[in-house]
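For reference, the structure is listed below as structure tokens.
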Amino acid sequence: MTDWFATRVLAWAREHGRVDLPWQHNRTPYRVWVSEVMLQQTQVHTTISYFERFIATFPSVADLASASLDEVLQMWSGLGYYRRARLLHRTAQLLEAEHDGALPDSFNDLIALPGVGRSTAGAILASGFDKRGVVLDGNVKRVLARVHAVEGEPNRSVTLKALWAHADTHTPEQHCADYVQAIVDFGALCCTKTDPKCHHCPLREHCRAQLEGRVGELPQRAKRNKPREEAIYFLLVMDGTERLLLEQQPAEGLFGSMWLPPRRSKTRSLHADIEKLGFTKEELESTSELEPFIHELSHIRFHVHAHMVRLTSRQNAKPQQVNVAWFDLRENQAMGLAGLTRKLIKQTQTL
């Protein structure tokens, strides 16, 4: 039996819900999984084009598993939170090796996969397998916190426990895929973070936040620290054939496995930095300093400084380090360039 909450949310969605998102069409467990991972840290409008390119390049678990990590990161470049891409790739390989290339259809098996949490597993079950699955993303947390006046910051364990209990109570046994999309859409379009449309809300008669005049207070927001300011220095080495020298970052870290130009030392001279990369002063054709710019992440505000160095033509030049490679600016190489790298490349093209 469907409760009052689900009944009203489903009725609202039939009139106002989103029906044109790419992952809503040709729904498969794989497509649902990819979309859920992308949406974890990214707005819907940004995710759409990345999802379409990713699925066009890797239309199945097998395609994703057989791709190189660089090919996967290339499709993820600019989306940020690159650990998500690495986990997708690793999990696809695990599915090929241990699950016959298919996502499992049980909750316990799903949450055992790398990068698949409780809410993602619920979405895959509901939208991918048409089984009952409970979701609790940011939109759903906001709706439930307001309707039930749940106190505390949403990501604290005691608050999460209460929110999960409400989410489970309201999730119907039937038409679960429709409900999951409906409750997410309801939070995104009606019960919004700012300027919620309470006068059009089908839940307003039952919403404790509305009845108590606390809609603006709930859910309680965690105090956000200001992004730290950090200066970062790069050396952009370009050879005579329009190739840029890049370094692959460690797998674990801010730019995990992505490609960036080599860092400059604050203490060494420019010539010393160049020699450290295996080039001599005699090979320098010209040097120039790029205009500094700001590159912002969620928790860091980088002040980016870069020197560009042009070498005399060295078509056979081979970098000495194993994690260093040339990137040909004239070709679309399969390399996972960080968004910051793309910004730097764009700056070099204005010189």
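The values are calculated or read from the model by the stated rules, or taken from the named source; none is laboratory data. No experiment lies behind these values; they were computed from the predicted model shown. Counting neighbours? That spans all protein chains shown, and the Cβs are built from the backbone with ideal geometry, glycine included.
Name the residues in segment 41-61 that are under 17 Å from Gly128 (Cα atoms) and out of contact with any helix residue (DSSP H, G or I) (no Cβ under 6 Å at 6 or more places or on another chain), would you?
Ile55, Pro59, Ser60
Can you tell me how many residues in segment 209-241 are loosely packed, with under 13 Cβ neighbours inside 10 Å and more than 30 Å from Cys198 (Cβ to Cβ)?
The qualifying residues number 6.
Return yes or no: is Lys346 of a type outside the set (S, T, N, Q) and at pLDDT 85 or above?
For Lys346, the condition - of a type outside the set (S, T, N, Q) and at pLDDT 85 or above - is met.
Specify which of the listed residues (Thr287, Thr267) is modelled with pLDDT under 90 and hydroxyl-bearing (Ser, Thr, Tyr).
Thr267
Restrict the check to segment 173-194 and report whether at least one residue is in a helix (DSSP H, G or I), over 28 Å from the mean Cα position of the chain (by Cα) and not assigned by the TED database to the domain that holds Glu289.
No, there is no match, as no residue in segment 173-194 is in a helix (DSSP H, G or I), over 28 Å from the mean Cα position of the chain (by Cα) and not assigned by the TED database to the domain that holds Glu289.
Scan segment 233-286 residue by residue and report those that are touching a residue at least 60 places away in the same chain (Cβ under 8 Å), closer than 23 Å to Lys346 by Cβ and either out of contact with any strand residue (DSSP E or B) (no Cβ under 8 Å at 6 or more places or on another chain) or charged (D, E, K, R) (or both).
Those that are touching a residue at least 60 places away in the same chain (Cβ under 8 Å), closer than 23 Å to Lys346 by Cβ and either out of contact with any strand residue (DSSP E or B) (no Cβ under 8 Å at 6 or more places or on another chain) or charged (D, E, K, R) (or both): Asp239, Glu242, Arg243, Glu247, Phe255, Gly256.
From the residues in segment 146-164 that are buried (at least 20 other Cβ atoms within 10 Å of the Cβ) and under 25 Å from the mean Cα position of the chain (by Cα), which one is farthest from Arg8 (Cα to Cα)?
Pro154
Does segment 50-57 contain any residue that is in a helix (DSSP H, G or I), in contact with a His (Cβ under 8 Å, 6 or more places away or on another chain) and modelled with pLDDT of 95 or more?
no
Looking at segment 11-30, which of its residues are surrounded by fewer than 16 Cβ atoms within 10 Å (Cβ to Cβ) and polar (S, T, N, Q)?
Asn26 - this is the single residue of segment 11-30 that is surrounded by fewer than 16 Cβ atoms within 10 Å (Cβ to Cβ) and polar (S, T, N, Q).
Does Asp63 satisfy being out of contact with any strand residue (DSSP E or B) (no Cβ under 9 Å at 6 or more places or on another chain), of a type outside the set (Lys, Arg) and not in a helix (DSSP H, G or I)?
No; evaluated as a whole, the condition is false for this residue.
Please verify whether segment 31-42 includes one or more residues that are touching an Asp or Glu at 6+ places or on another chain (Cβ under 8 Å), closer than 24 Å to Gly253 by Cβ, modelled with pLDDT of 95 or more and buried (at least 16 other Cβ atoms within 10 Å of the Cβ).
The answer is yes; a qualifying residue exists.
Is segment 121-144 home to any residue that is of a type in the set (Gly, Ala, Ser), in a helix (DSSP H, G or I), without any contact (Cβ under 8 Å) to a residue 24 or more places away in the chain and within 29 Å of His45 (Cβ to Cβ)?
yes
I'd like the full set of residues that are within 18 Å of Leu95 (Cβ to Cβ) and in contact with a Leu (Cβ under 9 Å, 6 or more places away or on another chain), limited to segment 29-45.
The answer is Pro29, Tyr30, Val32, Trp33, Val34, Ser35, Val37, Met38.
Do we find a residue being assigned to a loop (DSSP other than H, G, I, E, B) and in contact with a helix residue (DSSP H, G or I) (Cβ under 8 Å, 6 or more places away or on another chain) anywhere in segment 226-249?
No: segment 226-249 contains no residue that is assigned to a loop (DSSP other than H, G, I, E, B) and in contact with a helix residue (DSSP H, G or I) (Cβ under 8 Å, 6 or more places away or on another chain).
Mind listing just one residue for me: the one in segment 145-157 that is in contact (Cβ under 8 Å) with a residue 12 or more places away in the chain and not small (Gly, Ala, Ser) and, of those, farthest from Trp23 (Cα to Cα)?
Taking the candidates together, the pick is Glu151.
If you go through segment 75-92 one residue at a time, how many are in contact with a Leu (Cβ under 6 Å, 6 or more places away or on another chain) and among the hydroxyl-bearing types (Ser, Thr, Tyr)?
Total meeting the criteria: 2.
Scan segment 202-219 for residues that are in contact with a helix residue (DSSP H, G or I) (Cβ under 8 Å, 6 or more places away or on another chain) and touching a residue at least 40 places away in the same chain (Cβ under 8 Å) and jot them down.
Of everything in segment 202-219, those that are in contact with a helix residue (DSSP H, G or I) (Cβ under 8 Å, 6 or more places away or on another chain) and touching a residue at least 40 places away in the same chain (Cβ under 8 Å) turn out to be Pro202, Leu203, His206, Cys207, Arg208, Ala209, Gln210, Arg214, Val215, Leu218, Pro219.
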